[in-house]
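Asker: My structure is below; once you've seen it, I'll send some questions.
The values are calculated or read from the model by the stated rules, or taken from the named source; none is laboratory data. Keep in mind it's a predicted model, so treat the numbers as computed, not measured. All Cβ positions, glycine included, derive from the backbone under ideal geometry; neighbour counts span all protein chains shown. Protein only, heavy atoms only, side chains kept; ligands, DNA and RNA dropped before computing areas. Shrake-Rupley method; radii C 1.70, N 1.55, O 1.52, S 1.80 Å.
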Amino acid sequence: MNTLTAIRSAWRSLKANKLRSMLTMLGIIIGVAAVITMIAVGGGATQRVQEQMKSLGSNVMLVLPGSLSAAGVRQGAQTRSRFTEEDVQAIMAEIPEVQAAAPGSRTTAQAVAQNANWNTTIFGTTNEYLDVRDWALASGRLFEPAEQSSSAKVAWIGQTVARELFGDQDPVDQVIRVRGVPFTIVGVLERKGQNASGQDQDDIVVMPMSTFRNRIWNAGGNVRRIWTIFVKVREGQDMKAVEQSVRDLLRQRLRVSEEGDDTFSVNNLSEVLQAQEEASRVMTWLLSAVAGVSLIVGGIGIMNIMLVSVTERTREIGLRMAVGARGRDILAQFLIEAVTLSLIGGAIGVVLGAAATWATAEVAGWQVSMSAQAVALAAGFAALVGVFFGYYPARRAAGLLPIEALRHE
């Protein structure tokens, strides 16, 4: 009996018991579909975190001011800004591991252009902010030094603002008004997408720090306070060590006593997102392992049915051996039946898994990532289940003695 003949014989046997074969494959079908769906959901979560890390920028720290206390009640994290632009310059000058540092202050306001208007975030910073955030200009230019020092009425805008105010027009050199002040657009930022909290990062108007302070915030030229400091650490440097250096420097500049608590916080955002990515990866494998139990249960079902099949077909096995079939021919026949059950179940499971992944993305709105590797892993594992759990029944059939098999009732 050659391999092709064994496959034909196995196929005829499965067709003769269609309902039993389908029920036997059910465990494999559910297992493969579950593995593919769980890997796709977990992969989508990991991909989402990686996109957030990319949009954030690499090796970034965010320094925020501490909160005030009023009547014994601790207020919000940004009730008062304690930092100045000089603090940013000190970080750049005194900590060599820092690649770039940028101040940041924000508010919200209505931006008006021609007959359109849009409520958006107004952000004041410097050119270094683009370096910190790994954010490039899609068109236009950086702020010139004279513009940054003289509170020039220039701005960059994000993709969302460009779309809402100008549609398909080129925004560069166009004029928008923010709180009655006209600003010339000198650059359009590349698309960033949403951040970790779901906020649209492209819904923003960026202007020089001095412009924001004097024309939007109206704080006056002598008040150089800022809300936030963005710090980017050079590649290969120890983020924890740099974080401690920033902390020590700011404690010194803010005159915090050695026994006193920090009046600010330093958040290593890359570390937080990496922890989220690792958690997503662990959860993916955990969910896949749970789904894999269904494959094992399906394999046990295959072994059970194959043992029943061997018992039912004992006389057939004896007859085959009597006319010249060898033990390895019987072994191949039953092993091919088990593997065929697994492969067909695996193929159906792949289709159902793809459908479940699509439904999860459409109905639940989750980000999913279905890869060819996940499909190959699930299908390959299904085939291995067929071999592993089908070997014992096939071996048992091959070990029957012809004379005893022919006498079996």
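Asker: With open to solvent by 30 Å² or more (accessible area, probe 1.4 Å), in a helix (DSSP H, G or I) and β-branched (Val, Ile, Thr) as the only criterion, which of ILE336, ILE317 stands out?
Answerer: Unique residue meeting the criteria: ILE336.
Asker: Output the number of the condition that VAL323 fails; it satisfies all remaining conditions of (1) surrounded by fewer than 18 Cβ atoms within 10 Å (Cβ to Cβ); (2) modelled with pLDDT of 80 or more.
Answerer: All conditions pass for VAL323, except number (2).
Asker: Is it the case that LEU249 is open to solvent by less than 20 Å² (accessible area, probe 1.4 Å) and either of a type in the set (Ser, Thr, Tyr) or under 28 Å from GLN99 (Cα atoms) (or both)?
Answerer: Criteria met by LEU249.
Asker: I'm trying to understand the selection: among the residues of the stretch 368-409, which are assigned to a loop (DSSP other than H, G, I, E, B) and among the small types (Gly, Ala, Ser)?
Answerer: Matches in the stretch 368-409: SER369, SER371, GLY399.
Asker: Looking only at the stretch 253-288, filter to residues that are open to solvent by 30 Å² or more (accessible area, probe 1.4 Å) and of a type in the set (S, T, N, Q); which one of those is modelled with the highest pLDDT?
Answerer: In this case the residue turns out to be SER265.
Asker: What about ASP168, is it within 13 Å of THR121 (Cβ to Cβ) and either of a type in the set (S, T, N, Q) or open to solvent by 20 Å² or more (accessible area, probe 1.4 Å) (or both)?
Answerer: no
Asker: Which pairs do you get when a residue that is at pLDDT 80 or above, found in the stretch 331-357, comes within reach of a residue that is in a helix (DSSP H, G or I) and of a type in the set (Lys, Arg), reach meaning Cβ atoms under 7 angstrom, with the pair 6+ apart or on two chains?
Answerer: Pairs found: LEU331/ARG395.
Asker: Now, a different point. Which residue pairs have Cβ atoms closer than 7 Å, lie 6 or more positions apart in sequence or on different chains, and pair a first residue in the stretch 127-147 that is within 17 Å of ILE204 (Cα to Cα) and modelled with pLDDT of 95 or more with a second residue that is open to solvent by 40 Å² or more (accessible area, probe 1.4 Å) and part of a helix (DSSP H, G or I)?
Answerer: Cβ pairs passing all conditions: none.
Asker: Checking the conditions here, which among GLN194, GLN201, GLN174 is more than 28 Å from the chain's Cα centre (by Cα) and either of a type outside the set (A, V, I, L, M) or buried (at least 18 other Cβ atoms within 10 Å of the Cβ) (or both)?
Answerer: Exactly one residue qualifies, and that residue is GLN174.
Asker: Continuing with the same structure: Conditions: (1) outside any loop (DSSP other than H, G, I, E, B); (2) open to solvent by less than 10 Å² (accessible area, probe 1.4 Å). THR184 meets all but one. Number of the miss?
Answerer: (2)
Asker: Also, quick follow-up: Hey, among the residues in the stretch 220-242 that are in a loop (DSSP other than H, G, I, E, B) and small (Gly, Ala, Ser), which one's modelled with the highest pLDDT?
Answerer: Going through the qualifying residues, I end up with GLY236.
Asker: Let me ask something additional. With the condition kept exactly as written, say whether any residue in the stretch 365-382 is over 24 Å from ALA34 (Cα atoms), in contact (Cβ under 8 Å) with a residue 12 or more places away in the chain and surrounded by fewer than 15 Cβ atoms within 10 Å (Cβ to Cβ).
Answerer: no
Asker: Also, quick follow-up: Please find, among ALA33, ALA40, ALA93, the residue that is open to solvent by 60 Å² or more (accessible area, probe 1.4 Å), at pLDDT 80 or above and either within 18 Å of the chain's Cα centre (by Cα) or among the small types (Gly, Ala, Ser) (or both).
Answerer: The conditions single out ALA93.
Asker: Has the stretch 209-219 got any residue that is modelled with pLDDT of 90 or more, open to solvent by less than 30 Å² (accessible area, probe 1.4 Å) and under 30 Å from the mean Cα position of the chain (by Cα)?
Answerer: Within the stretch 209-219, none of the residues are modelled with pLDDT of 90 or more, open to solvent by less than 30 Å² (accessible area, probe 1.4 Å) and under 30 Å from the mean Cα position of the chain (by Cα).
A quick yes/no check of all residues on (1) in a helix (DSSP H, G or I); (2) more than 16 Å from GLY43 (Cβ to Cβ):
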{"site": "SER294", "(1), (2)": "yes, yes"}
{"site": "LEU307", "(1), (2)": "yes, yes"}
{"site": "LEU352", "(1), (2)": "yes, yes"}
{"site": "ALA355", "(1), (2)": "yes, yes"}
{"site": "THR360", "(1), (2)": "yes, no"}
{"site": "TRP366", "(1), (2)": "no, no"}
